[in-house]
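Please treat every number below as a calculation from the coordinates, not as lab data. From a predicted model like this one, the values you see are computed outputs, not experimental measurements. Note: ideal-geometry Cβ built from the backbone for every residue, glycine included; neighbour counts use all protein chains shown.
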Amino acid sequence: MRSSTRIPLALKLAYSAWVLTWIPVYWAHHGPANFLWFCDLANLIVLFALWSESAVWLSSQIVGGLFIQTYWAVDFFGRLLFGRHPLGGTEYMFIASDPLWLRGFSLFHIAVPLLLLWVIYRLGYDRRGWKVQTILAWMILPLSMLPDPARNLNWVWRPFGVEQSWLPPGAYLIVCMVAYPVILYLPAHWLLQAWMRRIGRPVV
């Protein structure tokens, strides 16, 4: 039987402890619907994937989050360093009335992608990841429309928080279901494959 040594046990335990702390905090302050956000859902999938050392699930989450989390980081650091949001989307991180410790939990948007890059470096990149993430998106995006539209989960009502009136909600949902795989997942898949091959790591 293969010894599970490719991902250190200490890392699995530390990530598990963080997720088990993060879940009740987010549930209490944001409600269960918040876990439909792809970035939040990814934390739960990564927990499973770390313990199972599943390259396909880990690959799916870095494909799903690479560009979105980079967008988040650019906007956050733009506001932090230069006093303005270059893209928009992280304004909530600077609401002084919210506890600093609560806002600090959202820094996983920076830490988790770095963790995933390190893990797929160890395990290899599974080229099925973008297909798995596409199927997952096709399940989650329709569900994202069910809570209050004001929450705009996964931007299924307003792209980047900007009102859109050029399409009815159902048609715009279809656009999202096409755009996420084509604009976000497939380019990330190509980029990750190229990076792994360049550094001599396996693509399976």
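What order do you get for His85, His109 when you list them from fewest to most C-beta neighbours inside 10 Å?
His85, His109
Could you grab the relative contact order for the range 9-198? Cα pairs under 8 Å, six or more apart, rounded to a whole percent.
Relative CO of the range 9-198 lands at 26 percent.
Cα axis of helix 186-198 to longest principal axis of the chain: angle in degrees, 0 to 90, nearest 10?
Taking Cα atoms only, the helix is inclined about 30 degrees.
For Ala33 and Leu87 in one chain, what is 0.36 nm times their gap in residues minus the Cα-Cα distance, to one decimal in nm?
So the chain would gain 17.0 nm between Ala33 and Leu87.
Grab the Cα-Cα distance for Ala171 and Trp195, subtract it from 0.36 nm times how many residues apart they are, and report the gain in nm with one decimal.
5.1 nm
Let me know the whole percent of all Cα-Cα pairs from the range 141-204 that are separated by more than 19 Å.
45
Quick check: the angle from helix 9-30's long axis to the longest principal axis of the chain, C-alpha only, nearest 10 degrees?
10
Give the angle, between 0 and 90 degrees and rounded to the nearest 10, that separates the Cα long axis of helix 55-82 from the longest principal axis of the Cα atoms of the chain.
Long axis of 55-82 versus the principal axis of the chain: about 50 degrees.
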